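The values are calculated or read from the model by the stated rules, or taken from the named source; none is laboratory data. What you see is a predicted model; the values in this text were computed from it and never measured. Cβ: placed from backbone, ideal geometry, glycine included. Neighbour counts: every protein chain shown.
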Amino acid sequence: MSQWLEDVIAHAEQPASNELAATWLAEQRNSSLKKLKEQKWPTRRTEAWANTSLVSVESRNAKPTPANITSWDKPAIPGLDSIDIYFVGGQLKTDLSTFTLPEGLSIYTLQDEKAEAVAASRFAQIKPERHIFGLINDAIANSGVVIDVAENAIIDTPIRLIHLANDGVENHSRVLVNVAKHAKVTIIEHGVGEEDSVNTSMSEFDVADNATLYHYRFALFTQKALHVGGCHFQVGASSYINSTIVAFGSDLSKLNIDVNYTGEHSNVDINAMYLLAEGEAFDLQSTIEHAVPNGTSNEKVHGIIGDRARANFGGRIHIHRDAQKTLAQLNNRNLLLSRRALINTKPELEIYADDVRCAHGATIAEIDDESLYYLLTRGIPRSQALIMLNFGFIQELINDIEIDPIRAWLTDMLSTRFKSMEVS
């Protein structure tokens, strides 16, 4: 076991640790703690961690007690009108009581007694138990919110959850979202930071029958900001989920995506982009469980990997025996900016039904010399030419973004990112 995990368990066993959460959460926290004690710390021999090192976290001392930070930068998305909720230094810093929320939308802290009716049957029930950092988050999550969208409610204003990394501080936050029947909402998870820190941000989404969820996860942690997070979805009948993931890399950056179909005739679209500058690492693992008939999933993952950077992608689609008439597609495309860049990619199909249409594939390529030469001979500077070629590689995914301010913000931000990724 690692020193960091020993500290985490010791903290979770202290009676004071449960004071950070409501009484109704104590049983689930204790259950996850028990399972955590039975887990072995992952090594490179552990399949799920074979290509991702935990050296940067395992020998450090855990500091799961929230820090009293009174001021922080507020990352903006120009032109976006959103309900912003901040997690800073392991604490929820936004006073939810000051919000005037749209009809049909309720937001509670984990300590709020009203959260129990929404969250008690869902907390840690949507996220699979196999994720060790998910169990860690269950046991010591020191801040969180429960978002409840009532039946038939159409929430036009996006809800943005901002997770900020701070030097020497740990941030273990939890989000649970319930989207009731015939409801619609947009949730944005926006994580940023480069300071020496550990961040585990886990989110669970219960999307009921005929409901719609637009979801964005911006995991923009870099340098010494260690981040292991998860997005976990439960999909009801005739519902729709559109999820967009944008991630950078750091000394340790890993994101798990899990989708579990519980109702027929549902559709899930997942677009993911990871863009790694020199020496960065990122690991994306997705599992889609088609457990019922007539489900559709379309997952497109594009990665751009800079010099000496390391990316790891694993995508598994599991078609259960009863999941007839399933349509599932998975495609992973990767662009290497250097011969010293590395990608490990493993798309998988596991099919037990016989009346399905499924496809998966992966490609790895380098910058096309002829395309680059063509742009250079037209008087376009090399740095600008590389930006144009990189944008061409992910433009399809950017164009799919529904919200104009987010699409424009990403375009500007990624232009700056590509400059830092240029290989001399």
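The residues of the range 102-140 that are surrounded by fewer than 17 Cβ atoms within 10 Å (Cβ to Cβ) and closer than 26 Å to residue 54 by Cβ, listed by number, are 128, 129, 130.
Candidates in the range 316-342 are the residues that are among the β-branched types (Val, Ile, Thr) and in a strand (DSSP E or B); of these, the one that is surrounded by the most Cβ atoms within 10 Å (Cβ to Cβ) is 317.
Looking only at residues in the range 276-303 that are among the hydrophobic types (A, V, I, L, M, F, W, C) and modelled with pLDDT of 95 or more, the one that is farthest from residue 340 (Cα to Cα) is 292. Residues considered: 271, 332. Of these, the only one that is closer than 30 Å to residue 198 by Cβ and within 14 Å of the chain's Cα centre (by Cα) is 271.
In the range 382-400, which residue that is more than 18 Å from the chain's Cα centre (by Cα), surrounded by 15 or more Cβ atoms within 10 Å (Cβ to Cβ) and touching a residue at least 60 places away in the same chain (Cβ under 8 Å) is nearest to residue 419 (Cα to Cα)? Filtering first and then ranking leaves 390.
For first residues located in the range 321-335 and among the β-branched types (Val, Ile, Thr), partners that are at pLDDT 95 or above and surrounded by fewer than 16 Cβ atoms within 10 Å (Cβ to Cβ) and lie 6+ apart or on another chain with Cβ distances below 8 Å form the pairs 326/357.
Of all residues in the range 187-234, those satisfying the criterion of being among the acidic types (Asp, Glu) and over 12 Å from the mean Cα position of the chain (by Cα) are 194, 195, 196, 206, 209. Residue pairs whose Cβ atoms lie under 7 Å apart, separated by 6 or more positions or on different chains, with the first residue in the range 401-424 and part of a helix (DSSP H, G or I) and hydroxyl-bearing (Ser, Thr, Tyr) and the second modelled with pLDDT under 85 and surrounded by 15 or more Cβ atoms within 10 Å (Cβ to Cβ), are 415/387.
Limited to the range 190-220, what total is found for residues that are surrounded by 23 or more Cβ atoms within 10 Å (Cβ to Cβ) and acidic (Asp, Glu)? So the count comes out to 2. Among the residues of the range 79-135, those identified as among the aromatic types (Phe, Trp, Tyr) and not in a loop (DSSP other than H, G, I, E, B) are 86, 87, 108, 133.
Annotation note: of 187, 162, the sole residue that is under 25 Å from residue 410 (Cα atoms) and touching a residue at least 60 places away in the same chain (Cβ under 8 Å) is 162. Count of the range 269-314 residues, restricted to those that are more than 23 Å from residue 50 (Cα to Cα) and part of a loop (DSSP other than H, G, I, E, B), is 5. For beta carbons closer than 9 Å, sequence separation of 6+ or different chains, a first residue in the range 68-80 that is in contact (Cβ under 8 Å) with a residue 40 or more places away in the chain and a second that is among the hydroxyl-bearing types (Ser, Thr, Tyr), the qualifying pairs are 72/86; 74/86.
Flag: residue 264 matches the condition of being charged (D, E, K, R), on the phi < 0 side of the Ramachandran plot and surrounded by fewer than 22 Cβ atoms within 10 Å (Cβ to Cβ). Counting the residues of the range 142-157 that are surrounded by 21 or more Cβ atoms within 10 Å (Cβ to Cβ) and assigned to a loop (DSSP other than H, G, I, E, B) gives 2. The residues of the range 234-268 that are farther than 22 Å from residue 305 by Cα, of a type outside the set (Ser, Thr, Tyr) and in a strand (DSSP E or B), listed by number, are 234, 235, 241, 242, 258, 259, 260, 267, 268. The set of residues in the range 160-174 being surrounded by fewer than 24 Cβ atoms within 10 Å (Cβ to Cβ) and in a strand (DSSP E or B) consists of 160, 162, 169. Please verify whether residue 361 is in a strand (DSSP E or B) and either more than 21 Å from residue 246 (Cα to Cα) or within 25 Å of the chain's Cα centre (by Cα) (or both), treating the condition exactly as stated. When the stated conditions are applied, residue 361 passes them. Going by the structure shown, is residue 99 aromatic (Phe, Trp, Tyr) and surrounded by 16 or more Cβ atoms within 10 Å (Cβ to Cβ)? Judged against the criteria, residue 99 is not a match.
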